[in-house]
Amino acid sequence: MMRAFEYVRATDTARAVEMVTADPNTSYLAGGTTQLDLMKDGVLAPERLVDITHLPLRGVTGGRGALRVGALTTMEELAADTTVVERIPFVRDALLLGASTQLRNMATIAGNLLQRTRCRYFRDPAVAACNKRERGSGCAAMTGTARMHAILGTSPHCIALHASDVAVPLVALDAILRVQGRDGARGVPLTRFYLTPGDTPDVENLLRHGELITAVEIPLPALGTRSGYLKVRDRVSYEFALTSAAAALLIEDGIIVEARVGLGGVGTVPWRAREAEEILIGAPATMEVFRQSAERALEGARTISGTAFKVELAKRTLVRILRTVSGVVA
Amino acid sequence: MTGAAARPPRAAAPYEVDLALRVNGITRRLRVDTRVTLLDALRDVLGMTGTKKGCDQGACGACTVLLDGRRVVSCLVLAAACEGRDVTTIEGLAHDDGTPHPVQQAFIRHDGFQCGYCTPGQIMSAVSLLAEGRGGSDAEIREFMSGNLCRCGAYPNIVAAIREVAKAGDDDAGV
């Protein structure tokens, strides 16, 4: 049973930020698909929820150099945006390969980026050992059954996966979060927003309590850039990724001029594969180059028995999407 | 009449909320604990048990309803957040004369269920899928119905039912 809480509907952004900032036991409520789920599980127990869904933070604007996506824009709404479909189709693909239509009609883009890990030990308060729930309590995943866990960005204290699909192309595109705090607004690059667990798995990102994401800015890649998102999973639909890869390539005369690569299903944070990009940029678009980039991307992988298969799978996932996006045959 | 009737209504406690929402076109006023989901409000407060509770954690789709015309899982929506909103449930699909909705008729024709527990959610989801224009092929139907689980495994007949309505392009297949 959920702990009793007070429900407040916010009508003003500054007021909402003030209310949450002032009280550590007050949380925002947007789409609710993670928040209410974890409240039912007893992982989260706020004393007050501030419903922000009526704030004017919804819709997609811009379209020349960058898109500005209001924080409350739903996954389905963003996936249907014309500019997204035409200019960054791998964002659309990542959105539509996540969750179900019902959940995508509810979940907001900011909520998606802030979703909590699916680690089953984190989500089960009956398991005592979880450094993400309680720092210093241990990590049950390390010694337990762990398949849906991370192999990049891990620490001895936590291997929980960040399971967002859409965050993968968004880190590849250098998206920027617009964040409103009590004392002003700031922009935070998504690639720096997420924090790998280290000694503090309970601290997951740069948001301070009460700060509110108001928009996500997505810089658009050069015209002619082609992109794709490949998601590999245990069943064909409505499942989290075992591995996934997002790639955007600009190829001129057979040479890769621009490359942006992200990996999903493998990182404690949505993973920007800069080492892979370094191999790709300036190189000819060939299978050999793709394989080299995949080798580099997974060099830092650390596995346990349940996740060992992910290294090879992630490499193949990346090579496959690079091949698909580039159109390289054989 | 007793004296109690003359008393002003009790003010809502901090953990309660008064709200008015439209369910199948009819405005309903209720006072609920803030923890009550839309699903529980429909079933336990309003007595509308057509909407089913399966997993209660957003995974199975049995509780699918339309909220302002879009399909959602009602187990992860707070009733308190539904003030002023439009909810359509399985009870609201039939025509005024009682004729079942074309999707309901197709499910019967194709035997799109066994135990029937997931069926209201399947049908609400299917009606929405058709409105979204996603009934173009069996593969598309399967992909965009994947949020509705059927433990009996009636999937082939569910797909057949939806395909038939999609192909017919029935003007009555909306809500």
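The values are calculated or read from the model by the stated rules, or taken from the named source; none is laboratory data. Predicted model, so just to flag it, every value in this text is computed and none were measured. Please note: Cβ atoms are built from the backbone with ideal geometry, for glycine as well, and neighbour counts cover all protein chains shown. To get the accessible areas, we keep the full protein, side chains included, count just its heavy atoms, and leave off ligands, DNA and RNA. Shrake-Rupley method; radii C 1.70, N 1.55, O 1.52, S 1.80 Å.
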Highest GNM mean-square fluctuation among A:249, A:173, A:206, for chain A with Cα springs under 10 Å, belongs to A:206
Expressed as a whole number, the average count of other chain Cβ atoms within 10 Å around the Cβ atoms of B:139-151 is 3
Accessible-area loss of at least 50 Å² (1.4 Å probe, chain alone to full protein assembly) applies in segment A:27-64 to A:36, A:40
Mean 1/r over distinct Cα pairs of segment A:123-255, inverted to a Kirkwood Rh in Å, yields 17.3 Å
Computed for A with B: buried accessible area summed over both chains, 1.4 Å probe, rounded to 100 Å², at 2600 Å²
Here the relative contact order (percent) of chain B, from C-alpha pairs under 8 Å and at least 6 apart, is 21 percent
re chain B: pairs of Cα atoms spaced beyond 24 Å account for a percent value of 39 percent
To the nearest 20 debye, segment A:1-56 has a Cα-centred charge dipole, built from +1 on Lys and Arg Cβ and -1 on Asp and Glu Cβ, of 80 debye
In segment A:106-188, taking the dipole from +1 charges on Lys and Arg beta carbons and -1 charges on Asp and Glu beta carbons about the Cα centre, the listed residue (A:139, A:171, A:149) farthest towards the positive end is A:139
So the carbon and sulfur contribution to the accessible area of segment A:1-56, 1.4 Å probe, in percent, is 48 percent
Label model pair residue B:83, residue A:86: point-to-point distance (7 angstrom along the Cα→beta-carbon line) in nm is 4.0 nm
Of the candidates B:112, B:88, B:75, the farthest towards the positive dipole end of segment B:55-133 (Lys/Arg Cβ +1, Asp/Glu Cβ -1, centred on the Cα centre) is B:112
The number of Lys pairs in chain A whose alpha carbons lie under 24 Å apart, excluding pairs fewer than 8 residues apart on one chain, is 4
Expressed as a percent, the accessible surface of chain B that is carbon or sulfur, using a 1.4 Å probe and the full set of protein chains, is 50 percent
Expected output for segment A:1-24, residues with a loss of 50 Å² or more in accessible area relative to the chain alone at probe 1.4 Å, reads A:4, A:5, A:7, A:9
Packing-ranked peptide list from A:88-99, B:124-135, highest mean Cβ count within 10 angstrom first, is A:88-99, B:124-135
Each residue of A:93-104 has, on average, a number of other protein chain C-beta atoms within 10 Å of its C-beta equal to 6
With +1 on the Cβ of every Lys and Arg and -1 on the Cβ of every Asp and Glu, the dipole magnitude of chain A about its Cα centre, in debye rounded to the nearest 20, is 440 debye
Magnitude of the Cβ-charge dipole (Lys and Arg +1, Asp and Glu -1) of segment A:226-326 about the Cα centre, nearest 20 debye, reported as 420 debye
With every protein chain in place, the residues of segment A:238-263 shedding 30 Å² or more of accessible area versus the chain by itself (probe 1.4 Å) are A:238
Expressed in angstrom, Rg and Dmax over the Cα atoms of segment A:226-326 are 13.1, 43
Using eta = 1.002 mPa s and T = 20 °C, Stokes-Einstein with Kirkwood Rh from Cα pairs puts D for the protein assembly as shown, in µm² s⁻¹, at 89 µm²/s
With the charge dipole of the protein assembly as shown built from beta-carbon charges (+1 for Lys and Arg, -1 for Asp and Glu) about the Cα centre, the Cα from A:66, A:119, A:227 projecting farthest to the positive end belongs to A:119
From DSSP H assignment alone, runs of 4+ in chain A each adding -39500 (n - 2.57), the sum over residues rounded to the nearest 500 puts [θ] at 222 nm at -7500 deg cm²/dmol
Taking a probe of 1.4 Å and leaving out DNA, RNA and ligands, segment A:226-326 shows per residue an accessible area in Å² of 43 Å²
Share of accessible surface on carbon and sulfur in segment A:226-326, whole %, 1.4 Å probe and ligands ignored, is 48 percent
Across B:71-83, the residue-averaged tally of Cβ atoms belonging to other chains within 10 Å stands at 6
In Å², rounded to a whole number, the accessible area per residue of segment A:96-137 with probe 1.4 Å is 38 Å²
Given a 1.4 Å probe, the accessible area of segment B:65-175 per residue, as a whole number of Å², is 43 Å²
